[in-house]
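Report on the structure given below.
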Amino acid sequence: MRHDDVTVPAEPASMADTLAASAFDLYSQRGIARVRLDEIAAAAGVTKGSLYWHYRSKDEIVLAACGHYYRSWHEQMAREIKRARSPSAKLKRAVRASVRTCLIDEANRTFTLELFTLSLHDADVRSGWRAFFDSVRIFYVDLLTDAIASGEAESRDAEAAVDLMLAAMEGYKLRALFEPSLCAPSAERRICAALLDQVGLAA
């Protein structure tokens with residue numbers, strides 16, 4: 001089933017989900033190494049013992065926070081493209097939302113950079129990130145393929161164009177460590193234009 005055909009159900013969050021969301025929020029603000037399990041539990045409104053009922057270790061809660069981030073990204077993209085009618089409009093909305101949440105939002109940007117570091121030595125984190133990244137790539141390839149088929153994008157090779165666009169996104173993220181102005185809110189329009197150019201669309 002294609003990503004733009006998916007309806008995201010509105011279900012009440014379980015306690016495991018609430019803990020994962022709390023962990024993600026705290027990790028994004030302060031870094032994974034600086035957050036204690038009792039702080040995650042307190043932010044979720046439960047005891048540390050309750051956290052251990054759902055997650056047996058910090059490694060498990062880190063993976064749960066990753067899962068929360070991955071699901072949230074796809075849920076947001078589903079909402080974004082639902083608001084657009086044409087293939088090019090869907091792609092533009094998706095790119096703009098990604099820039100806003102993955103690059104301009106410093107907390108999200110920091111969290112994903114920490115995942116890169118963890119991935120060097122943690123096979124589970126690396127595997128989860130790879131699966132997420134592959135799903136993001138497929139999402140964008142599908143959108144660009146539709147835009148090309150409708151004559152709204154000039155790219156000849158959707159997969160190659162998306163690969164370049166995603167590589168550019170990650171490049172912005174890494175460079176922003178040393179050049180914060182690259183991903184400042186004032187840079188959002190410029191970044192979007194550069195990324196859309198990679199896939200043959202004018203901003």
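Just one of the listed residues (115, 120, 51) is surrounded by fewer than 19 Cβ atoms within 10 Å (Cβ to Cβ) and modelled with pLDDT under 95, and it is 120. Restricting attention to the range 139-147, does a residue exist that is surrounded by 14 or more Cβ atoms within 10 Å (Cβ to Cβ) and either closer than 28 Å to residue 25 by Cβ or without any contact (Cβ under 8 Å) to a residue 12 or more places away in the chain (or both)? For the range 139-147, residues surrounded by 14 or more Cβ atoms within 10 Å (Cβ to Cβ) and either closer than 28 Å to residue 25 by Cβ or without any contact (Cβ under 8 Å) to a residue 12 or more places away in the chain (or both): present.
Would you check if residue 155 is in a loop (DSSP other than H, G, I, E, B), among the hydroxyl-bearing types (Ser, Thr, Tyr) and either free of Cβ contacts under 8 Å to residues at least 60 places away in the same chain or on the phi > 0 side of the Ramachandran plot (or both)? Yes, satisfied.
Would you be able to say whether some residue in the range 77-94 is of a type in the set (A, V, I, L, M, F, W, C), in a helix (DSSP H, G or I) and more than 18 Å from residue 147 (Cα to Cα)?
So far as the range 77-94 goes, no, none of its residues is of a type in the set (A, V, I, L, M, F, W, C), in a helix (DSSP H, G or I) and more than 18 Å from residue 147 (Cα to Cα).
Scanning the range 149-203 for residues that are under 18 Å from the mean Cα position of the chain (by Cα), under 17 Å from residue 138 (Cβ atoms) and of a type outside the set (Asp, Glu) yields 162, 164, 165, 166, 167, 169.
Pairs meeting the criteria (first residue in the range 30-50 and in contact (Cβ under 8 Å) with a residue 12 or more places away in the chain and more than 11 Å from residue 19 (Cα to Cα), second residue among the acidic types (Asp, Glu) and in a helix (DSSP H, G or I), beta carbons under 8 Å, at least 6 apart or on different chains) are 31/114; 32/114. One residue alone among 131, 160 is within 16 Å of residue 195 (Cβ to Cβ), at pLDDT 95 or above, surrounded by fewer than 15 Cβ atoms within 10 Å (Cβ to Cβ) and hydrophobic (A, V, I, L, M, F, W, C), and that residue is 160. Candidates in the range 54-81 are the residues that are of a type in the set (Phe, Trp, Tyr) and under 20 Å from the mean Cα position of the chain (by Cα); of these, the one that is surrounded by the fewest Cβ atoms within 10 Å (Cβ to Cβ) is 70.
The values are calculated or read from the model by the stated rules, or taken from the named source; none is laboratory data. Just so we're clear, the structure is a prediction, and the values are computed from it rather than from any experiment. Glycine also receives a Cβ, built like all others from the backbone with ideal geometry; neighbour counts cover every protein chain displayed.
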